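Enquirer: Pasting a structure here, questions to come.
Taken together, the values in this text are just the output of simple stated rules run on the coordinates, not laboratory data. Predicted, not measured: the structure shown is a model, and the values here were computed from it. Glycine gets a Cβ as well: all are built from the backbone with ideal geometry, and neighbour counts include every protein chain shown.
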Amino acid sequence: MTLSPDVDRRFREAAVTLGLVDMGFDVVESPVGELFVAVSDRGLAAISYDTVPDLQLERLARIAGPCVLRSPRTVDVARRELDEYFEGKRRAFDLTLDLRALPPFTVTVLHELARVPYGETTTYGALASRVGRPRAARAVGTVMNRNRIPIVLPCHRVVGAGGDLVGYGGGLERKTALLTLEGAL
Amino acid sequence: MVMMHGVAIPPFERFYEQHRAEVLRLLRRQLGAERAEDAFQETFLRALQAYRRIEHGEHLRAWVLTIARNVAIDMGRRTRPGGELVETAAEDGTSAYAELAHLTDGLPAKERAAVVLRYGYDLSYDQIAAALGSSPGAARQAASTGVRRLRRRTS
């Protein structure tokens, strides 16, 4: 016996309307592949290139609580801004971010990262200097690698001192695609 | 695998995916296809409402089926003759619950459900309240009245 899509949708809608959902998520189409996008009442909490939800759900539950539910409506605003970004119509995101449960150093680095402008790149070392830890380039690299909200927090704009792209959580192909979209390559 | 306590609470999405088909089957049997849809929504909303306060991930199936039965009753249709509020079929082939179900046979439905969910399934009163559509205080009351009734019966 199968559940009709309509009944399923009505439940998910009602759950969000009643404020019972700690974290809503959905999969968003993009030119760099499907994105797993999660939004809490505090803001955008996660974007992942890995759309198999199993591990993601556990991770979200640890951040926000167990009421994690797929619900297209909660990610509508983020979806629209991502669409505009990929169409080249948006250079900055107006989304509040949920950076709960991240260590203070990580939050400091991510705030600085958010200031790297569209279409430009910086280096791990430069970012380290800007947070007052000039010798912490490697630690900054780790923060980039674990960035919970790629694209919106633009870790793709951080490259090696020699100008090579170095690495990207979503794979170098995606990093290249994002920088090309922004005209940085 | 025996892990009575400390079983992680699954993210609600997983809980929902795992139990929605069975819940819908039960509600269709009891209410017919059309009214089952409203009852389905009500069941999972009640579960979601209590989900933040549950203490462990054990017996979630029994819990959600109990909610569904109770929602069906609230929607104005009696369960099958002899139908029970609480899901007493053992999930893993062990007989502890069956034994408790036997002991509590003959208690009023709500009291029996409260006793079995509390002492058989180790659910919190918050969770039991969600299942019975009552307050945690009323759930506690139902469990203790049930236990007192059992004591009188066995003494």
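Enquirer: Might you report the magnitude of the Cβ-based charge dipole of chain A about its Cα centre, with Lys and Arg at +1 and Asp and Glu at -1, to the nearest 20 debye? Mind showing how you got there, number by number?
Expert: Values: 24 positive and 23 negative charges, 148 e Å.
My answer is approximately 720 debye.
Enquirer: Let me ask something else about it. Could you size up the charge dipole of the protein assembly as shown around its Cα centre, putting +1 on the beta carbon of Lys and Arg and -1 on that of Asp and Glu, and report it in debye to the nearest 20?
Expert: Rounded to the nearest 20 debye, it is 1040 debye.
Enquirer: Now a separate question. With +1 on each Lys and Arg Cβ and -1 on each Asp and Glu Cβ, and nothing else charged, work out how big the dipole of segment A:5-86 is about its Cα centre, in Debye to the nearest 20.
Expert: Charge dipole, segment A:5-86, about its Cα centre: 260 debye, nearest 20.
Enquirer: Quick one: Cα convex hull volume of chain A, Å³ per residue?
Expert: Details: hull volume 22.3 nm³, N = 185.
So the per-residue Cα hull volume is 121 Å³.
Enquirer: Do any trypsin sites (Lys or Arg not before Pro) in segment B:2-77 lie in a DSSP loop with no more than 14 other beta carbon atoms within 10 Å, and if so, which?
Expert: B:Arg52, B:Arg53, B:Arg77
Enquirer: Between beta-carbons, use under 14 Å as the cut-off and find the net charge around A:Arg174, counting Lys and Arg +1, Asp and Glu -1. Show your work: numbers first, answer last.
Expert: Values: positive: A:Arg157, A:Lys175; negative: A:Glu34, A:Asp50, A:Glu173, A:Glu182.
Counting the neighbours of A:Arg174, the net charge comes to -2.
Enquirer: Looking only at Cα atoms, what is the convex hull volume of segment A:5-86 per residue, in Å³? Provide the component values of the computation, followed by the final result.
Expert: Numbers: hull volume 7.7 nm³, N = 82.
Roughly 93 Å³ of hull volume per residue.
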